[in-house]
1. If a residue has to be surrounded by 14 or more Cβ atoms within 10 Å (Cβ to Cβ) and free of Cβ contacts under 8 Å to residues at least 60 places away in the same chain to count, how many in the stretch 1-17 make the cut?
2. Please find, among Ala157, Ala151, the residue that is part of a helix (DSSP H, G or I), at pLDDT below 95 and exposed (fewer than 14 other Cβ atoms within 10 Å of the Cβ).
3. Quick one: in the stretch 38-68, which of the residues that are polar (S, T, N, Q) and under 30 Å from Lys149 (Cβ atoms) is surrounded by the fewest Cβ atoms within 10 Å (Cβ to Cβ)?
4. When you look at Gln52, is it farther than 22 Å from Val130 by Cβ, under 14 Å from the mean Cα position of the chain (by Cα), within 16 Å of the ligand (Cβ to nearest atom) and polar (S, T, N, Q), yes or no?
5. Just one of the numbered conditions (1) assigned to a loop (DSSP other than H, G, I, E, B); (2) surrounded by fewer than 16 Cβ atoms within 10 Å (Cβ to Cβ); (3) without any contact (Cβ under 8 Å) to a residue 60 or more places away in the chain is not true of Gly77; which one?
6. Quick one: is Ile22 surrounded by 14 or more Cβ atoms within 10 Å (Cβ to Cβ), assigned to a helix (DSSP H, G or I) and within 16 Å of the ligand (Cβ to nearest atom)?
7. Being within 16 Å of the ligand (Cβ to nearest atom) and either without any contact (Cβ under 8 Å) to a residue 24 or more places away in the chain or part of a helix (DSSP H, G or I) (or both) narrows it down to one of Ser122, Ser102, so name that one.
8. Restricting attention to the stretch 102-143, which residues are under 13 Å from the mean Cα position of the chain (by Cα) and among the small types (Gly, Ala, Ser)?
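The values are calculated or read from the model by the stated rules, or taken from the named source; none is laboratory data. Worth saying up front: this structure is predicted, and the values here are computed from it rather than measured. So basically every Cβ, Gly included, is an ideal-geometry build from the backbone, and we count neighbours across all protein chains shown.
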Amino acid sequence: MKTMDDLFLHHVKDIYYAEKQILKALPKMAKATSSPELKKAFEHHRDETEGQVERLEQIFEILGKPVRGVKCDAIEGLIAEAKEVMDEAEDDGVMDAGLLASAQAVEHYEIARYGTMSAWASQLGLAKAVKLLDETLKQEKAADQLLTKIAASGVNAEAS
Ligand SMILES: [Fe+2]
């Protein structure tokens, strides 16, 4: 990676890989929860994630690069943690609190990445990419806020 263009492309590939992994993890998380609210939130975000993947494919096109992911160690770790919760939680409330924590960690990671990538795209004069990244960033922030609301509304209280 010699230039900011290289670094930007690397991050597009990294988050593309991450979104694909999230697409696979969310249905499992929706299945694992006994909370209808949380299930709905996971299913809704899975649908949103499909659109996010498409936006990234548009960015590859803008850059004139082939659509290709690169293994993202951060998301692998976060999803491994979610899997651990799903394998080990022995109580519905504990399961939900653990799933919420995992999902919020994923959202915070994505918010960090999309925020940085939007700033870089702006510096690189990629106005169309900025617009696409900001649309996704808005969805990630809304998803995070919804999870906070669900946690506050009782999922965590039930567990304790
Ligand atoms: Fe996402």
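1. 4
2. Values: Ala151 fails: exposed (fewer than 14 other Cβ atoms within 10 Å of the Cβ).
None of the other options fit; the residue is Ala157.
3. Of everything passing the filter in the stretch 38-68, Thr49 is surrounded by the fewest Cβ atoms within 10 Å (Cβ to Cβ).
4. Details: farther than 22 Å from Val130 by Cβ: no; under 14 Å from the mean Cα position of the chain (by Cα): yes; within 16 Å of the ligand (Cβ to nearest atom): yes; polar (S, T, N, Q): yes.
The answer is no for Gln52.
5. (1)
6. Numbers: surrounded by 14 or more Cβ atoms within 10 Å (Cβ to Cβ): yes; assigned to a helix (DSSP H, G or I): yes; within 16 Å of the ligand (Cβ to nearest atom): yes.
Considered against the rule, which asks whether it is surrounded by 14 or more Cβ atoms within 10 Å (Cβ to Cβ), assigned to a helix (DSSP H, G or I) and within 16 Å of the ligand (Cβ to nearest atom), Ile22 comes out as yes.
7. Details: Ser122 fails: within 16 Å of the ligand (Cβ to nearest atom).
Going through Ser122, Ser102 in turn, just one is within 16 Å of the ligand (Cβ to nearest atom) and either without any contact (Cβ under 8 Å) to a residue 24 or more places away in the chain or part of a helix (DSSP H, G or I) (or both): Ser102.
8. Those that are under 13 Å from the mean Cα position of the chain (by Cα) and among the small types (Gly, Ala, Ser): Ser102, Ala103, Ala105, Ala112, Gly115, Ala142, Ala143.
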